[in-house]
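Data block below; observations after.
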Amino acid sequence: MKKNVKKCFIAFSLAAFLAVTPSAFASGGGHGGGHGAGAATQAAKSPSETIKAVIEGNNTFKEHAGSRHFDSFQNGQVPNLTVISCADSRVHTHLFGFEPDNNIFIIRNVGNQVKNSEGSVDYGVHHLPTKILLIMGHSSCGAVKAAMGDYSGETSGIKNELDPLMPVISQDDGEGSFKERWAKNVERNVDYQVDYSMKLYHDKVSHGDMVVVGGVYDFNNNYGQGRGSLIITNINGEKAPNKIMQDPVLKELAKGDVVTHVSSLAP
Ligand SMILES: [Zn+2]
């Protein structure tokens, strides 16, 4: 019962924060880029309806989690994972299922870029410190799409956060449909962020104190493992799926899970 309520709460939260994206970041339509059902169907809320939904939703969580939920971490955090994720409202925080609290130190920005939030990532890696840094891209990333096109009309703030994606987009060979290129560029961005992290945290990785994992949260089933799968595409800079599958960091996973959760679109 408790878990079902939490599940409802999480689903509700995602719906409540589903944002309307401006054209440069639009994740459906244009260039034939829509995936599956495409357009968001949620009716826009007024600001006051939104605040009401936020307070009521959090109260629902608070009531069903119970006060004891906070006992183990009220005096400090001991997360197991630092994640850099896109700010996209469709990207969930269901890693660790329904128990993300005190498990995930999550940093979010457009296009899940280390460079644009380097201090926050440093905090997770050096001060908590977590033994896994997960770079988590996602299907239909609006930031990657925007970087593939003309974003000169965006604000200086947005341009400053898209410019660092240029080395990623420069790897696009232009082959295939826009949708295919977009999906590959999402993965290339993950690879790029892993490489960037490997340089930044070279000592930790080389001493075996941390593993950098790259993955794609795939809600469009680009990897064929079902919507909502987390697909691992890179471990410590290794991109070949057959080699990733041998990595000791995956040893606790069942063989079948390794096979279905390691893949690559952009070798
Ligand atoms: Zn994104």
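General remarks:
- Radius 14 Å from Cβ of Gly176, net charge of other residues (Lys, Arg +1; Asp, Glu -1): -1
- Taking a straight line from the alpha carbon of Lys159, these aspartates and glutamates sit under 12 Å away, with near neighbours fewer than eight places off in the same chain left out: Asp150.
- Per DSSP, loop GluC sites (Glu not before Pro) in segment 151-197 with at most 15 further Cβ within 10 Å: Glu175
- For Gly237, net neighbour charge (Lys/Arg +1, Asp/Glu -1) across residues whose Cβ lies under 9 Å away: -2
- Loop trypsin sites (Lys or Arg not before Pro), segment 123-178 (other Cβ atoms within 10 Å of the site Cβ: 16 or fewer; DSSP): Lys131
- Within the listed set Pro47, Pro79, Pro167, the Gaussian network model of the chain (springs between alpha-carbon atoms below 10 Å) gives the highest mean-square fluctuation for Pro47.
- Evaluating 6.51 cos²θ - 1.76 cosθ + 1.60 at θ = phi - 60° for every residue in segment 58-75, the Karplus couplings come out as 5, 4, 4, 4, 4, 5, 7, 6, x, 4, 5, 3, 8, 3, 6, 10, 5, 9 Hz, glycine and proline recorded as x.
- The modelled label-to-label distance between Phe73 and Val259, using points 7 Å beyond Cα along the C-beta direction, is 3.5 nm.
- Listed residue pairs exceeding 29 Å between alpha carbons, taken from Lys199/Lys255; Lys145/Lys255; Lys115/Lys184; Lys199/Lys251; Lys131/Lys239; Lys115/Lys179: Lys199/Lys255; Lys145/Lys255
- Normalised by the number of residues in the chain, the average gap of Cα pairs under 8 Å and 6 or more apart makes the relative contact order 16 percent.
- Segment 175-267: trypsin sites (Lys or Arg not before Pro) in DSSP coil with no more than 16 other Cβ atoms inside 10 Å: Arg227, Lys251
- Each Cα pair of the chain feeds into the Kirkwood radius, which the Stokes-Einstein equation turns, at 10 °C and 1.306 mPa s, into a diffusion coefficient of 81 µm²/s.
Values quoted throughout were computed directly from the atomic coordinates according to the rules given, and no laboratory measurement underlies them. Computed from a prediction, not measured in an experiment: that's the story for all the values here. We place every Cβ from the backbone using ideal geometry, glycine too, and count neighbours over all the protein chains shown.
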